[in-house]
1. Pull up all non-local amide H partners of A:V200: gap of 5 or more, or a different chain, and H-to-H distance under 5 Å with H placed in the peptide plane.
2. Loop only per DSSP, at most 11 neighbouring Cβ atoms within 10 Å: give me the trypsin sites (Lys or Arg not before Pro) in segment A:358-423, ordered by residue number.
3. Work from the charge dipole of segment B:65-314 (Cβ charges, +1 for Lys and Arg, -1 for Asp and Glu, about the Cα centre) and give the residue of B:L158, B:F223, B:P142 farthest towards its positive end.
4. Quote the charge dipole size of chain B about the Cα centre in Debye, to the nearest 20; the model charges only the Cβ of Lys and Arg (+1) and of Asp and Glu (-1).
5. Return the average number of partner chain Cβ atoms within 10 angstrom of each residue Cβ along peptide A:280-288.
6. Can you work out ³J(HN,Hα) from phi for every residue in segment B:254-270, in order, using Karplus 6.51 cos²θ - 1.76 cosθ + 1.60 and θ = phi - 60°, giving whole Hz and x for Gly and Pro?
7. Could you point to the residue in A:G381, A:Q253, A:G289 farthest towards the positive end of segment A:148-425's charge dipole, with +1 and -1 charges on the Cβ of Lys/Arg and Asp/Glu respectively?
8. Which distance in nm do the two modelled labels at A:K188 and A:L280 give, with both placed 7 Å along the Cα-to-Cβ direction?
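The numbers here are math on the coordinates, done by the rules we state, and not lab data. Owing to the predicted nature of the structure, the values given are computational and were not obtained by experimental measurement. Every residue, glycine among them, receives a Cβ derived from its backbone with ideal geometry; neighbour counts consider all protein chains shown.
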Amino acid sequence: MSLSRSPSPHPGGGWSSPGLAPGSGTSTPRGYSPNTLSPGGISWATAKAKSDEVRKYPSFSTRNSGFFSRQKHKLSARLPSFRNQAGDTGYVEKDSYRAQWRPSGRGLWGNLGILRRRGRARVVVWLLLLWLGYLLLWSTLVHLYRRSPLGGGKKVVIILGSNTEGGVMEWKGAREWAIERNSIWNKKRYAQEWGYELEVANMLAKKRYSHEWRESWEKVDVIREAMRKYPKAEWFWWLDLNTWIMEYGTSLQHHLLNDLESHVYRDINDYNPLNITHPLPEFYLDELGRSLEGDGKSDSLNLLLTQDCGGFNLGSFLVRRSLWTDRLLDTWWDPVMYEQMHMNWEHKEQNALEYMYQSQPWIRGNMGFLPQRAINAFPPGACGDEINPTIHYQQKDRDLVVNMAGCMFGRDCWAEMYNYRELSNQLNRRWWGSVTSAFGGMYERVFPSDDDD
Amino acid sequence: MQFALPPRKSPHRLPKSSQLPPYRRTQLKTIAVCACLVLSILYLLSYFFSASTASIGAPVGTSGVVIVTLLDREHFSESYIKKIVTNREDYANRHGYTNFFASLSDYDEAVGDSPKSWATVPAVRHAMASYPHAAHFFHLSPHALIMNPSRSLKSLLLDSSRLESLMLKDLPVVPPDSIIKTFSHLKEKDIDLVITQDSDDLNPGSFMLRNGDFARFFLDLWFDPLFRSYNFAKAEAHGLDHIMQWHPTVLARTALVPQRVLSAYSKDSHGASTDGMYHDGDFLIRFPGCDNLQVKECTEMEPYYMIWQKKIKSG
């Protein structure tokens with residue numbers, strides 16, 4: 001128990017803490033100057049002399065005989081000490097610089113001085129170790145599981161389109177950079193939470209695309225690249241930069257993928273802002289081509305997207321690796337179609353997809369529509385000012401994603417993103433608080449959270 | 001500790017089971033060797049069997065070939081239609097194929113203002129809807145005669161080794177010098193569409209399409225309104241050239257075969273590829289000169305029809 005029993009391996013470390021050394025507080029000028037200013041200037045001879053001085057030090061056992069003085073010592077030994085306050089030895093080795101800031105390891109024992117019988121102390125220490133192990137390792141284990149084939153985290157790739165039109169078209173200001181940084185951080189955190197892959201795509205305006213007039217179709221190329229890069233992944237979730245994932249605790253598998261049928265509507269008549277004729281009436285089509293709901297199997301759902309008040313919305317959508325997807329990605333842009341339609345397709349690839357959905361029957365059976373708020377809730381201000389509970393974010397239902405669609409037209413993207421970031425933090429902090437309270441509210445009592453209003 | 005079986009017994013049993021009499025050991029060996037042999041023979045048999053019988057990967061649960069012929073009943077004379085139908089039915093009866101005769105006017109609404117020849121595409125789609133369990137659809141222009149009816153489509157084309165040997169790899173898709181070439185690594189099992197080219201274009205007057213998702217995708221894409229409204233000089237033929245060159249997912253499922261296999265041109269017609277002219281014994285003859293005319297009948301066909309009639313009477 002006493003310090004003399006285990007001399008610190010670092011001379012000048014814990015046990016020679018300055019506060020306890022005789023003559024502490026009286027710092028000799030010799031003490032600091034060589035150490036703080038030029039540690040490299042210490043000669044071997046002086047160092048040896050100092051260390052001899054330290055070794056000559058009388059045993060502590062004579063000093064810490066009383067209970068109170070010992071406790072006082074333990075407490076002060078755990079306080080971080082600054083080397084400037086070096087004791088009369090005046091010398092601190094270079095290596096021990098850091099050690100001096102740490103509480104001495106033995107201080108813990110001292111603090112538990114009340115449990116002086118080793119047996120009880122041991123139990124408590126083991127419990128503490130278990131608790132620490134749980135805190136430190138549990139998340140690692142969960143993470144390992146989620147990254148494993150069993151957990152299926154690697155089956156999902158999140159693709160975030162960043163740096164839209166960057167480089168050539170516009171200069172980015174502080175707000176644009178803040179959006180960029182925050183949005184990437186948000187997706188990173190979510191991907192890490194569930195072991196998904198994250199691909200941040202640089203949508204830098206490329207000469208290649210402007211030359212071929214197919215800007216904004218490059219997301220097709222980005223998805224294809226991601227499919228090559230992650231050959232084992234199954235689902236690819238495209239997210240625009242102006243989106244915010246609100247719920248880190250909701251996995252995509254649980255939210256959607258495990259039970260596609262119950263979330264998806266295939267019959268576009270359920271919500272049909274574009275008034276698309278469905279099913280197709282053409283007599284020469286087979287049953288599949290004229291079917292209301294495709295083949296009805298969840299395996300055939302290869303593209304999941306939402307519709308907003310204006311039609312298809314590609315700010316947040318999922319594609320599954322499949323032959324069908326290859327074909328769609330391959331034919332999405334076609335020079336002959338583009339040449340005729342580029343003046344009409346204001347929303348470019350989004351309009352092109354709407355067009356293909358209407359004109360090419362093979363596409364319909366493999367597309368599923370999600371209720372908008374499932375992966376693409378809008379903030380107020382997008383799609384009309386009044387709140388529409390099918391379109392706009394609902395806090396009480398804890399929608400997964402907010403897409404600040406169209407915020408660059410007369411709204412403030414950064415302000416919206418900031419607000420949703422804060423809201424998400426607040427919602428998720430409460431959740432964390434409730435978990436900790438389940439463990440006895442210890443966390444709350446030790447660190448009362450002042451922002452939990 | 002209590003055990004379910006008394007542990008004392010096992011030492012007595014073990015020597016019995018491990019020390020087989022020598023004659024039983026040899027017996028076991030021979031049995032094992034025989035089993036191995038039989039299994040490997042079965043495996044080899046099944047391998048060769050499946051390799052020799054597989055046509056170009058017909059989807060499960062489908063069989064047979066549907067021959068799709070698009071007839072312009074408004075313009076063709078009755079006798080001409082009768083000739084074409086007789087020729088196709090004779091062939092289908094010999095090999096157990098099915099004929100699907102479509103009427104051009106049925107697709108007027110679908111084709112709209114575009115050239116009537118676009119009707120080929122919905123006609124094949126229509127055949128697919130009418131015969132969902134057929135494995136292959138063979139589109140053949142009305143201005144064509146099957147001259148060698150004893151030749152089955154399987155021996156001509158669909159047999160996997162036969163197709164493998166016919167496939168033209170690394171060849172410009174659109175003659176003579178398109179920079180897009182057919183993939184050199186394609187295997188016959190990847191193939192869903194078999195088509196030929198003449199000296200200028202891919203030749204949609206005669207092609208073989210395998211039933212399945214690709215067929216639906218390919219036909220729907222080809223028939224897209226924006227392709228029809230683009231005023232391609234050769235309508236659906238140029239539309240097909242375009243798709244083939246711009247969309248690798250289509251090209252990766254397509255096999256080009258020498259023209260004479262599926263689409264030998266008659267002597268009087270222009271635009272046959274090198275060695276694309278009809279020779280005696282070829283499977284069929286096409287009369288592309290009649291394709292884009294709204295004719296009562298294709299007079300060029302008459303002498304060949306006589307030859308064909310003689311042939312089937314003698315054979």
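1. HN-HN under 5 Å from A:V200: A:L160.
2. Sparse-neighbourhood loop trypsin sites (Lys or Arg not before Pro): none present.
3. B:L158
4. 2960
5. 6
6. 10, 10, 8, 10, x, 4, 5, 5, 10, 7, 5, 8, 6, 5, 7, 8, 9
7. A:Q253
8. About 4.6 nm, to one decimal.
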